[in-house]
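**Q** My questions will all concern the structure given below.
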Amino acid sequence: MVDIIKTPMHILNSAQFDRPFLDYMCVLTDTIRRFDKSKEGLLYLKGLLAHRRAMLYFTQPSTRTFLSFQTACQVLGMNTNEIRDSSTSSERKGESIEDSLRTFSSYVDIIIMRTPVPGLCDRIAVLLDETERPVPIINAGSGPDEHPTQALLDIYTLNRSFVRLGGIDGKTITMVGDLRRGRTIRSLSGLLSNYQDVKIQFVSPPEFRISEDLRQKLIQKKVSFEETDQMEDALRGTDAVYMTRVQDEYDIAGESKKVDNSRFHLKHEHLRLMKTTAVIMHPLPRREELDPAIDSDPRAKYWRQERNGMWTRVALLTKIFGVDSKIVLPEL
Ligand code: NCD
């Protein structure tokens with residue numbers, strides 16, 4: 001078994017994941033889900049990490065990521081502690097965030113954190129690595145920069161959706177919305193560079209175009225991409241459309257209100273432009289950019305994507321703690 005205490009496997013950004021890892025995680029997640037079909041299977045999973053404790057440090061709002069990580073821990077029998085508001089911790093008394101997180105590491109075996117501060121997870125991982133008890137850090141969203149576990153579940157969802165269509169290789173993926181500040185966009189675009197002949201279409205108003213550092217990264221990785229404000233053209237022929245909301249929590253002075261994003265809303269009438277095999281995804285929460293009338297269309301995958309997230313996180317936790325080797329199908 002991997003001695004995670006000596007060599008913690010931090011999950012900090014999506015650049016850590018290569019193709020063999022992604023392929024492995026997709027198979028591992030599929031296999032773990034089969035345990036969900038019986039009481040014996042679920043009890044087996046519950047025994048895998050019953051001796052481990054997790055800290056959920058979520059000081060930025062979250063519904064899905066928090067609940068899916070908490071539930072993933074429960075599926076594996078882990079106990080969880082949580083902080084959801086730094087005003088209830090000693091940070092209020094002037095304790096540094098570094099000292100607070102070091103304190104948590106004394107009590108638990110892993111810290112799963114969401115923060116508005118870009119780069120904080122990396123800093124804490126380096127800090128903990130220098131302590132006597134370095135525990136793994138999972139970045140569950142760090143300001144506008146990274147959301148690696150969302151990218152992993154997005155890849156899993158794409159992979160599952162294209163299972164009879166040759167997988168993700170060769171597909172066209174269209175990302176729409178606030179691409180500049182959407183961390184899911186940054187993390188997922190990075191991961192798509194692991195697939196052959198993928199084309200990304202970035203669709204947004206000029207104000208929300210991808211950031212220069214992502215553009216450079218994609219050029220360097222030789223990812224084929226284009227940037228456009230013509231959503232309808234991009235929808236024709238795409239294999240997946242990934243909608244995102246305006247990330248106005250990062251506004252400095254209400255600047256999002258000045259942007260006309262209405263042309264970048266996916267409406268029911270757009271469905272006729274799209275391939276019958278296309279998939280529609282959204283990391284959620286949604287606002288007006290994704291018409292609820294689309295929910296009943298078989299191409300809408302966002303509710304599945306949400307559920308896939310929990311199972312992907314179960315798989316990731318087994319991997320981090322080295323118990324993925326114990327995932328062999330029982331007699332069902
Ligand atoms: C995303 C996030 O928080 O970055 N949601 C999520 O984790 N499921 C997207 C968003 O908030 O718009």
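The values are calculated or read from the model by the stated rules, or taken from the named source; none is laboratory data. Every value quoted in this text rests on a predicted model; they were computed, and no experiment measured them. Cβ: placed from backbone, ideal geometry, glycine included. Neighbour counts: every protein chain shown.
**Q** Tally the residues that are surrounded by fewer than 17 Cβ atoms within 10 Å (Cβ to Cβ) and either modelled with pLDDT under 95 or of a type outside the set (D, E, K, R) (or both), restricting the search to segment 45-59.
**A** 3
**Q** Sticking with this one: Which condition does ASP145 not pass, out of (1) touching a Phe, Trp or Tyr at 6+ places or on another chain (Cβ under 7 Å); (2) among the charged types (D, E, K, R); (3) at pLDDT below 95; (4) closer than 23 Å to ASP18 by Cβ, if it passes all the others?
**A** Among (1) touching a Phe, Trp or Tyr at 6+ places or on another chain (Cβ under 7 Å); (2) among the charged types (D, E, K, R); (3) at pLDDT below 95; (4) closer than 23 Å to ASP18 by Cβ, the lone unmet condition for ASP145 is (1).
**Q** Going residue by residue through segment 218-229, is there one that turns out to be buried (at least 24 other Cβ atoms within 10 Å of the Cβ), out of contact with any Gly (no Cβ under 9 Å at 6 or more places or on another chain), assigned by TED's automatic domain parsing to the domain that holds LYS267 and at pLDDT 95 or above?
**A** No; the residues of segment 218-229 include none that is buried (at least 24 other Cβ atoms within 10 Å of the Cβ), out of contact with any Gly (no Cβ under 9 Å at 6 or more places or on another chain), assigned by TED's automatic domain parsing to the domain that holds LYS267 and at pLDDT 95 or above.
**Q** Filter segment 85-112 down to residues that are in contact with a Ser or Thr (Cβ under 8 Å, 6 or more places away or on another chain) and part of a strand (DSSP E or B), then give me how many there are.
**A** 1
**Q** Okay, next question. In segment 38-61, which residue that is within 14 Å of the ligand (Cβ to nearest atom) and in contact with a Phe, Trp or Tyr (Cβ under 9 Å, 6 or more places away or on another chain) is nearest to PRO118 (Cα to Cα)?
**A** PHE58
**Q** Give the residues of segment 201-210 that are within 14 Å of LEU188 (Cα to Cα) and part of a loop (DSSP other than H, G, I, E, B), sorted by residue number.
**A** Listed by number, the list holds a single entry, ILE210.
**Q** Take the conditions surrounded by fewer than 15 Cβ atoms within 10 Å (Cβ to Cβ) and more than 16 Å from the ligand (Cβ to nearest atom) and apply them to GLY94. Does it pass?
**A** yes
**Q** Something else now. Out of ARG272, ARG304, report the one residue that is without any contact (Cβ under 8 Å) to a residue 60 or more places away in the chain, surrounded by fewer than 21 Cβ atoms within 10 Å (Cβ to Cβ) and within 27 Å of GLY237 (Cα to Cα).
**A** ARG272
**Q** Shifting gears a bit: Conditions: (1) closer than 28 Å to VAL27 by Cα; (2) outside the structural domain of LEU317 (by TED's automatic domain parsing). VAL135 meets all but one. Number of the miss?
**A** The single condition VAL135 does not satisfy is (2).
**Q** Further question: Given the conditions (1) under 18 Å from PHE58 (Cβ atoms); (2) near the ligand (Cβ under 10 Å from one of its atoms); (3) surrounded by 24 or more Cβ atoms within 10 Å (Cβ to Cβ), which single one is not true for ILE137?
**A** Every listed condition holds for ILE137 apart from (2).
**Q** Right, next: Take the residues of segment 189-212 that are in contact with a Gly (Cβ under 9 Å, 6 or more places away or on another chain) and touching a residue at least 60 places away in the same chain (Cβ under 8 Å): which is nearest to THR149 (Cα to Cα)?
**A** By that ranking, first place goes to TYR195.
**Q** Inspect all residues belonging to segment 177-189 and state whether any of them is more than 15 Å from the ligand (Cβ to nearest atom) and either out of contact with any Asp or Glu (no Cβ under 9 Å at 6 or more places or on another chain) or closer than 22 Å to ASP291 by Cβ (or both).
**A** Checked segment 177-189: no residue is more than 15 Å from the ligand (Cβ to nearest atom) and either out of contact with any Asp or Glu (no Cβ under 9 Å at 6 or more places or on another chain) or closer than 22 Å to ASP291 by Cβ (or both).
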